[in-house]
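This report concerns only the one structure given below.
Every number in this text was worked out from the coordinates using simple rules, so none of it is lab data. Only a predicted model underlies this, so the values are computations on that prediction, with no experimental measurement involved. No Cβ is skipped: glycine too gets one built from the backbone with ideal geometry, and neighbour counts run over all protein chains shown.
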Amino acid sequence: MGVWQVPSDLVARSRFTVSPMAETVAALKALRHAHVPWEQAWRRPHVDAFREMLAARPAARALVSASFNFRWIADFLTIAPTSPDPTFAAELATVEGLSDERIRADLRATRPEPLAAELLEDGLTGQVVDLLRWVWTRTVEPEWPERERRLRADIVARTAALSTHGWAGALADINRNVRWLGDGRLQVNDYPEPSLSLHEAEQLVFVPAHCRRGWVLWDVPTRFGMVYPARGILVDPTSPAPDGLARLIGANRADILARLDAPLSTSQLVALTGLSLGTVSDHLRVLLDGGAVNRRRSGREVLYWRTPLGDSLVAGG
């Protein structure tokens with residue numbers, strides 16, 4: 001599975017998309033074990049409730065333990081989305097349609113040791129559904145508007161790279177072991193597995209998420225995808241604008257321009273700067289007219305990011 005053989009017509013149908021389920025699985029991974037500081041900071045207010053839930057539900061605790069190993073996630077957690085703009089309810093319904101035996105087979109493929117007794121009981125699929133719904137409702141859904149804006153900002157940036165550099169450029173930094181190798185070959189990880197042909201596949205999607213490392217999605221043989229770390233999840237929202245730039249174009253306008261190294265929406269900028277919506281819109285209009293920023297619509301939002309001129313202004317400041 002280290003290399004996928006991707007036919008040209010599948011590449012032509014490939015797209016970026018946002019998946020609430022991928023965000024939920026990423027949150028579950030962070031709740032289970034946070035590896036880096038930003039994951040640890042996010043996990044801190046949720047982990048006690050998560051541990052209490054697992055203590056009260058032995059089957060859920062066994063599921064969390066059995067669903068992950070060092071290099072693999074159980075396949076029932078990595079089903080590719082079936083629509084261009086999926087909802088959590090729709091993606092959860094796909095998991096709910098799996099049988100208990102399918103869940104057990106995926107767990108056995110993930111970890112070689114015998115399954116815990118709680119995982120051999122009837123109703124295992126329901127336990128998976130309840131676990132995912134808990135993680136979504138308690139940790140992801142309250143943050144979803146902000147999360148979705150960051151994810152769509154990443155998609156806008158990569159779509160811009162796609163139009164300029166093709167898929168090789170759009171995926172150049174998507175994950176450390178992912179790259180186009182030429183001749184229709186996409187390396188998806190560094191595992192010593194035989195290459196996998198996607199000639200029967202109907203879809204190939206790329207899904208940004210709040211995660212440290214990505215993973216593959218699939219529903220063999222028709223749907224495939226790849227989750228990757230979204231840009232901007234490590235950005236310090238309090239970073240000040242350079243003093244020289246503030247003197248040149250004004251402090252508030254400089255602050256906005258300095259934040260646009262990755263695409264942001266007007267509402268994000270309002271939240272980050274503390275300025276009013278009208279003030280942010282006025283500054284963006286001036287920066288846009290001056291050629292310092294670009295803009296593009298993504299879903300319900302209009303996202304802005306710096307042009308090379310804007311980069312030069314920030315660097316010079």
Between R247 and Q5, how many nm apart are label points set 7 Å from Cα along the C-beta direction? 6.3 nm
So if I take the centroid of the Cα atoms in the stretch 125-192 and the same for the stretch 81-101, what is the distance between those two points in Å? 17 Å
At a 10 angstrom cut-off on C-beta neighbours, averaged per residue, how do the peptides 182-195, 85-98 rank from highest to lowest? 85-98, 182-195
Could I have the simple spin-label model distance between E146 and Y191, label points 7 Å from Cα toward Cβ, reported in nm to one decimal? 3.4 nm
Ranked highest first by average number of other Cβ atoms within 10 Å, how do 36-42, 225-231, 19-25 line up? 19-25, 225-231, 36-42
With labels modelled as points extended 7 Å from the Cα through the Cβ direction, what inter-label distance (nm, one decimal) is found for R213 paired with L181? 1.9 nm
For a Förster distance of 45 Å, can you work out the FRET efficiency between the beta-carbons of S312 and Q40, rounded to the nearest 0.05? 0.80
Order 289-298, 155-164 from most to least packed using the mean count of other Cβ atoms within 10 Å. 155-164, 289-298
Rounding to the nearest 20 debye, state how big the charge dipole of the stretch 243-316 is about its Cα centre with +1 on each Lys and Arg Cβ and -1 on each Asp and Glu Cβ. 240 debye
Which residues does a label at R71 reach in the stretch 152-193, if reach means a backbone N under 13 Å from a point 7 Å past the Cα toward the Cβ? 188-193
For L120 and R295 in one chain, what is 0.36 nm times their gap in residues minus the Cα-Cα distance, to one decimal in nm? 57.7 nm
Taking 0.36 nm per residue of separation between A49 and A172 and subtracting their Cα-Cα distance, the length gained on full extension comes to 40.5 nm
Which entry is the computed Rg and Dmax of the Cα atoms in Å for this structure: (1) 18.7, 59; (2) 21.4, 68; (3) 27.1, 89? (2)
